[in-house]
Amino acid sequence: MILGRVSQIIIPPDCRSCRTPGTYLCIKCLSKAINPRSANCYRCYWGNDRGQICIGCEIYSYLSGTTVIAHYEGAARDLILGLKNHNDVWAAEVLGAMIARAVLRTRIGFSVVTAIPTSPQRYHERGYNPAEHLARVVARRLGLPYRSLLLRLSIIHQIGQNRTQRLNQIRGAFYAKRHRPGRDRFVLVIDDVLTTGATLEEAARVLRDNGTQLVWGAAVARH
Ligand SMILES: [Zn+2]
Ligand SMILES: [Zn+2]
């Protein structure tokens, strides 16, 4: 089991998208899948170079901004599915490294990196939290500590709902743990996919209610 995991880390498999050997995701497929230069206010799509929430949306948001590096399609989607369904360590490494690079453009001195937690049931089924794997890579790449700051109470199905409905559904799903006033001031929260932003918003609300000054969300892809 451990040996299998080590060889999985050391020997890159073929390109996930076009099967070019010797590299996890070849540069051609990578540049097609990932577009870290397109940043915007996630609520209204106002384009800006860092991904901050615009002035018009500020009063509706607990997040200061979001970093998203891809659309949920093609190779980006394949990597996310590998991470979520097959505990693909290469996917976590590649995607985490690219999120970290894009996050540098925020020029924010984050105190800590954390992840959106999965529900206890989902964690039990999978045995891991894909967002945590990503967040640990991001933290390592940025030279920041990773800490689990949130707990999730139960499974909430959010499929096919708009932002307001999703926000209502997820309200109360998280609570903060290990609150350290004055220390976890600028928090980077990682999730795999951003859909309406309701999950990141609820996480940000809970963290802000517990004394965090600034919460920035980051995800691999916009769905
Ligand atoms: Zn390729
Ligand atoms: Zn906006």
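Side notes on the structure shown:
- For residue 107, net neighbour charge (Lys/Arg +1, Asp/Glu -1) across residues whose Cβ lies under 15 Å away: +2
- Rounded to the nearest 5, the antiparallel percentage of DSSP beta bridges internal to the range 36-222 is 20%.
- Think of the chain as a dipole: +1 on every Lys or Arg Cβ, -1 on every Asp or Glu Cβ, centred on the Cα centre; then among 61, 188, 199, 188 lies furthest on the positive end.
- Folded to 0 to 90 degrees: helix 198-209 orientation relative to the chain principal axis, Cα: 50 degrees
- Those residues of the range 62-85 whose amide nitrogen sits under 11 Å from the label point placed on residue 105, 7 Å along Cα→Cβ: 67-70
- Springs join every pair of Cα atoms under 10 Å in this Gaussian network model of the chain, and among 170, 116, 108 the largest mean-square fluctuation is at 108.
- Judged by a Cβ-Cβ distance under 4.7 Å, the unpaired cysteines of the chain are 18, 29, 44, 57.
- Which of 73, 125 has the fewest Cβ neighbours within 10 Å, and the rest in rising order: 125, 73
- Projecting the Cα positions of 83, 51, 70 onto the charge dipole of the range 36-222 (unit charges on Cβ atoms of Lys, Arg, Asp and Glu, taken about the Cα centre) puts 51 furthest along the positive direction.
- Spatially proximal lysines relative to residue 84 (Cα-Cα < 23 Å; intrachain offsets below 8 disregarded): 32
- Residues whose placed amide H lies under 5 Å from that of residue 112, excluding near-sequence neighbours: 186, 188
- In degrees, nearest ten, helix 130-142 long axis to first principal axis of the chain (Cα): 90 degrees
- Extension gain, residue 19 back to residue 97 (0.36 nm per residue minus Cα-Cα distance, nm): 25.9 nm
- Farthest toward positive dipole pole in the chain [+1 Lys/Arg, -1 Asp/Glu at C-beta], among 173, 29, 213: 213
- Mean residue ellipticity (222 nm) of the chain, computed from DSSP H runs ≥ 4 via -39,500 (n - 2.57), nearest 500: -11500 deg cm²/dmol
- Using only side-chain charges placed at the Cβ, +1 for Lys and Arg and -1 for Asp and Glu, the dipole size of the chain relative to its Cα centre rounds to 340 debye.
Each reported figure results from applying straightforward, stated rules to the coordinates on display, with no laboratory input. Keep in mind that this is a model prediction, so the values were computed, not measured. Positions of Cβ are generated from backbone atoms using ideal geometry, with glycine treated the same way; all protein chains shown enter the neighbour counts.
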